[in-house]
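A short write-up of the structure that comes next.
The values are calculated or read from the model by the stated rules, or taken from the named source; none is laboratory data. Here the structure is a predicted model, which means the values were calculated and not measured. Please note: Cβ atoms are built from the backbone with ideal geometry, for glycine as well, and neighbour counts cover all protein chains shown. The protein model used for the area step is the full one, side chains on, heavy atoms only, and it has no ligands, DNA or RNA in it. Shrake-Rupley method; radii C 1.70, N 1.55, O 1.52, S 1.80 Å.
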Amino acid sequence: MLKPVTVGPGCRSSITLNSLLKANPLNKYIILKNEVIMPLIGLGTFLAKGDEVQTAIQAALKCGIRHIDTAAVYKNEQDVAEALRKSTIPREEVFITTKISPKSQGRVRAAEACRNLLRNLDTDYIDLVLIHWPGSAKLDSTSDQNVVLRQETWEVLEEYYHKGVFRAIGVSNYEPCHLEPMMIRSKSSPKAIPPLVNQIEVHPRWPNRAVREYNSHNGIVTVAYSSLACGNLLNDPTVLEIAHREGVAPAVLLLRWGLQKQCLILPKSVNPSRISTCFAPDRVMKEPALGEGTEKEQTARQDTEEEAAMEVESRGQKEAEKGKGDVEGEGSTEEDEKEGRKKDGKGRKRPVYGRPKEKVCCWPAMPRLISEAAEKALDNLGEKEPEKFCWDPRIVV
């Protein structure tokens, strides 16, 4: 287990390692290239609204989940905000992801959409904001206008990122053909930011290997949605057989497979019982009874975890030193406003983020969650009968 360390007030992440481990000792996280801490397990909220989604969020928070995923097109951001208001957990201890709608592509609409995201979520910052889709609503997928509009939308997100209002920015449902121009631009322009996250459909029937490999090669974190294939894999004979052999529920097996592929996961349910028994970190992340490896492997894993903890602690101390001059006083000075910076209710300036470092993000050291045989058998599902269950598979130019 990673040692709990304190992240200083100047750190670029609102969520701290201490709060994650306190929520659930088996919570794991990834450190994005800009040093923002992001929990590996989140709760998806697609198609859930009102009391239903609020109850689901409360159940997720109760069992230690500290990442909530929503979107403008889900039309439940205000419900998410209400659930967090009702919770006793401080806002800064919950990682929130939301997304810009396909109908809000383009500079003017995207700027308005960003203001709406903040208002609907009742917050002055958002941990992660994504462009939901590479195409624009009501535009043909072959139209070159898609390229123009998504570039304008990304530039708006970059502005909010540099102001510290969006702690991280990324995309969703992007293919390598959409990502490559962004990566090239980020290397040639001083203020250009590469996407830090790409949220895509990933499960054994649709492993999305080419996109995952591109993401990994370029330091982009893959976040998997529809890990259960919209429920279609829960009764699959192969999945049921493997789950029985592994001694876990089918949902847990599929989530572990996603994590084994180095994807963050966003399981979705409105059933509190299912959330606590299948999605909770201590159910998904618990090391199975597969043996703990050789003494050499155990020592190497422990050394890696300790080094990661020490590195994060060192970063936090450095950021705290930088932020010492920012903790006094109230309100915002004229100089702050020129820089696009504002102070929070505690008188601390929000950090203005620079370019993410040119390195691969830090994936946590973890034990194998499913056996190699189980992983290979699940991989074979996608090779034999690949099937996409969610978004329109047409590629947008």
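In segment 99-110, what residues are surrounded by 16 or more Cβ atoms within 10 Å (Cβ to Cβ) and aliphatic (A, V, I, L, M)?
I100, A110
Filter segment 201-218 down to the residues that are buried (at least 19 other Cβ atoms within 10 Å of the Cβ) and not in a helix (DSSP H, G or I) and list them by number.
Restricting attention to segment 201-218, the residues satisfying the condition of being buried (at least 19 other Cβ atoms within 10 Å of the Cβ) are 201-208, 211-212, 214-215.
Once the filter is applied, which keeps residues that are buried (at least 19 other Cβ atoms within 10 Å of the Cβ) and not in a helix (DSSP H, G or I), segment 201-218 yields E201, V202, H203, P204, R205, W206, P207, N208.
Of the numbered conditions (1) in a loop (DSSP other than H, G, I, E, B); (2) crowded, with 16+ Cβ neighbours inside 10 Å, E287 satisfies every one except a single condition; which is it?
Every condition holds for E287 apart from (2).
Against the definition (closer than 27 Å to R283 by Cβ, open to solvent by 10 Å² or more (accessible area, probe 1.4 Å) and not acidic (D, E)), how does F46 come out, yes or no? Spell out the reasoning first.
On the way: closer than 27 Å to R283 by Cβ: yes; open to solvent by 10 Å² or more (accessible area, probe 1.4 Å): yes; not acidic (D, E): yes.
Considered against the rule, which asks whether it is closer than 27 Å to R283 by Cβ, open to solvent by 10 Å² or more (accessible area, probe 1.4 Å) and not acidic (D, E), F46 comes out as yes.
Pull up segment 249-270, narrow it to residues that are in contact with a Cys (Cβ under 9 Å, 6 or more places away or on another chain) and part of a loop (DSSP other than H, G, I, E, B), then point me to the one that is farthest from G170 (Cα to Cα).
Residue satisfying both the conditions and the ranking: A249.
Within segment 234-247, count every residue that is touching a residue at least 60 places away in the same chain (Cβ under 8 Å) and of a type in the set (A, V, I, L, M). Talk me through it step by step, then tell me what you get.
If we filter segment 234-247 for residues that are touching a residue at least 60 places away in the same chain (Cβ under 8 Å), which is where we start, we get 236, 238-239, 242, 245-246.
When the remaining residues are screened for being of a type in the set (A, V, I, L, M), the result is 239, 242.
Result for segment 234-247: 2.
So in segment 241-272, with the set limited to residues that are within 27 Å of A210 (Cα to Cα) and open to solvent by 50 Å² or more (accessible area, probe 1.4 Å), which one is farthest from the chain's Cα centre (by Cα)? Break it down stepwise before answering.
To start, the set of residues in segment 241-272 that are within 27 Å of A210 (Cα to Cα) comprises 242-243, 250-268.
Going one step further and asking which of them are open to solvent by 50 Å² or more (accessible area, probe 1.4 Å), we end up with 262, 268.
Working: Q262: 12, K268: 14 Å.
Among those that are within 27 Å of A210 (Cα to Cα) and open to solvent by 50 Å² or more (accessible area, probe 1.4 Å), it is K268.
Looking at E35, is it open to solvent by 10 Å² or more (accessible area, probe 1.4 Å) and within 19 Å of the chain's Cα centre (by Cα)? Write out each step before concluding.
Values: open to solvent by 10 Å² or more (accessible area, probe 1.4 Å): yes; within 19 Å of the chain's Cα centre (by Cα): yes.
Yes; evaluated as a whole, the condition is true for this residue.
Take E175 and tell me if it is more than 26 Å from Y160 (Cα to Cα) and acidic (D, E). Give the steps one after another, and end with the answer.
Details: more than 26 Å from Y160 (Cα to Cα): no; acidic (D, E): yes.
Considered against the rule, which asks whether it is more than 26 Å from Y160 (Cα to Cα) and acidic (D, E), E175 comes out as no.
Being in a helix (DSSP H, G or I) and on the phi < 0 side of the Ramachandran plot is the filter; apply it to segment 219-240 and report the residue that is least open to solvent (accessible area, probe 1.4 Å). First the steps, then the outcome.
We begin by selecting, within segment 219-240, every residue in a helix (DSSP H, G or I); these are 229-231, 237-240.
From the residues that got through so far, the ones that are on the phi < 0 side of the Ramachandran plot too are 237-240.
Numbers: P237: 98, T238: 51, V239: 0, L240: 76 Å².
Here the answer is V239.
Would you tally the residues in segment 150-177 being touching a Lys or Arg at 6+ places or on another chain (Cβ under 9 Å) and among the acidic types (D, E)?
3
State which residue is nearest to the chain's Cα centre (by Cα) when the search covers only segment 81-98 and only residues that are open to solvent by less than 10 Å² (accessible area, probe 1.4 Å) and closer than 17 Å to V36 by Cβ. First the steps, then the outcome.
Our first condition is that a residue be open to solvent by less than 10 Å² (accessible area, probe 1.4 Å); within segment 81-98, this holds for 81, 83, 94-98.
Then keep just the ones that are closer than 17 Å to V36 by Cβ; that gives 94-98.
Values: V94: 12, F95: 8, I96: 8, T97: 7, T98: 10 Å.
It comes out as T97.
How many residues does segment 130-147 hold that are open to solvent by 80 Å² or more (accessible area, probe 1.4 Å) and either under 20 Å from Y74 (Cα atoms) or assigned to a loop (DSSP other than H, G, I, E, B) (or both)? Before you say what the answer is, go through the steps one by one.
We begin by selecting, within segment 130-147, every residue open to solvent by 80 Å² or more (accessible area, probe 1.4 Å); these are 138, 140, 142, 144-145.
With either under 20 Å from Y74 (Cα atoms) or assigned to a loop (DSSP other than H, G, I, E, B) (or both) added as a condition, the list becomes 138, 140, 142, 144.
Going through segment 130-147 one residue at a time, the tally reaches 4.
If you take the residues of segment 187-216 that are closer than 29 Å to Q260 by Cβ and of a type in the set (S, T, N, Q), which of them is farthest from the chain's Cα centre (by Cα)?
Keep residues of segment 187-216 that are closer than 29 Å to Q260 by Cβ, which gives 194-216.
From what is left, the residues that are of a type in the set (S, T, N, Q) are 198-199, 208, 215-216.
Details: N198: 9, Q199: 8, N208: 17, N215: 14, S216: 15 Å.
That would be N208.
Can you pull out the residues in segment 219-241 that are under 20 Å from A377 (Cα atoms) and small (G, A, S)?
Answer for segment 219-241, where residues must be under 20 Å from A377 (Cα atoms) and small (G, A, S): A224, S226, S227, A229, G231.
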